[in-house]
């Protein structure tokens with residue numbers, strides 16, 4: 001394989017572990033699209049857990065991996081990156097909550113065990129060393145730090161899951177990189193509030209996943225450069241009754257054929273796609 005290209009492999013689906021709780025509602029439509037198209041358009045992106053378990057953490061594509069698992073497909077084409085690759089960055093999403101009453105969000109959070117809401121003037125708390133877990137801003141602009149006396153890191157992540165679970169089925173939510181409700185009000189007339197999450201380091205997420213601890217859905221944002229898009233690899237090849245070595249050999253032939261046909265293009269500049 002051309003060493004200048006991203007690393008593509010066929011790996012066992014059973015060895016893939018997600019780092020966030022999965023939204024099961026997204027799986028059936030995705031399975032239907034896979035069956036209609038017959039291809040894996042964009043390969044999931046994974047990195048090794050580096051714990052001698054031969055497992056890989058899914059950075060992007062957890063819904064695709066979950067769909068393949070439910071379809072009984074034993075292997076998936078993936079892009080493999082190293083946890084220390086210069087092109088791998090981890091950011092966080094925040095949750096904009098809408099379609100619910102703002103006072104209901106506040107009272108629901110206030111009633112959760114092991115946390116309390118403290119009026120704040122701003123400044124993101126440190127997830128590891130301080131009492132603050134996250135922040136919540138009401139639709140009226142009032143800002144609160146969600147605090148806990150719990151110190152153990154895994155337990156603090158568990159409380160973050162409890163926080164998200166308290167509103168994800170009661171209200172509608174979207175991921176956002178906004179840190180204030182000011183601009184969100186124009187987009188969401190029935191805005192309820194904004195939950196602001198702390199930054200995680202990649203090694204923290206890897207450690208959590210290795211221990212079987214998952215983050216809340218929709219709070220991590222992995223940025224990978226370069227990444228492979230529009231591979232359109234046949235799902236039949238991933239499902240075929242062949243050895244893993246045979247499947248990887250087929251994948252490499254597929255890649256070389258695409259290169260020979262000048263079907264691989266690299267965009268160095270920031271790119272917008274209008275066919276997604």
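Key figures
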| read-out | value |
| --- | --- |
| Filter result for residue 36 (farther than 25 Å from residue 19 by Cβ, modelled with pLDDT under 95 and outside any loop (DSSP other than H, G, I, E, B)) | no |
| Lone qualifier among 12, 6 - being more than 30 Å from residue 145 (Cα to Cα) and buried (at least 16 other Cβ atoms within 10 Å of the Cβ) | 6 |
| Within segment 113-229, strands (runs of 3 or more DSSP E) holding 3 or more residues that are without any contact (Cβ under 8 Å) to a residue 40 or more places away in the chain | 116-119, 143-147 |
| Conditions (1) free of Cβ contacts under 8 Å to residues at least 40 places away in the same chain; (2) within 20 Å of residue 218 (Cβ to Cβ); (3) in a loop (DSSP other than H, G, I, E, B): number failed by residue 22 | (1) |
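The values are calculated or read from the model by the stated rules, or taken from the named source; none is laboratory data. Quantities reported herein were computed from a predicted structural model and do not represent experimental measurements. Using ideal geometry, Cβ is built from the backbone for each residue, glycine included, and neighbour counts are taken over all protein chains shown.
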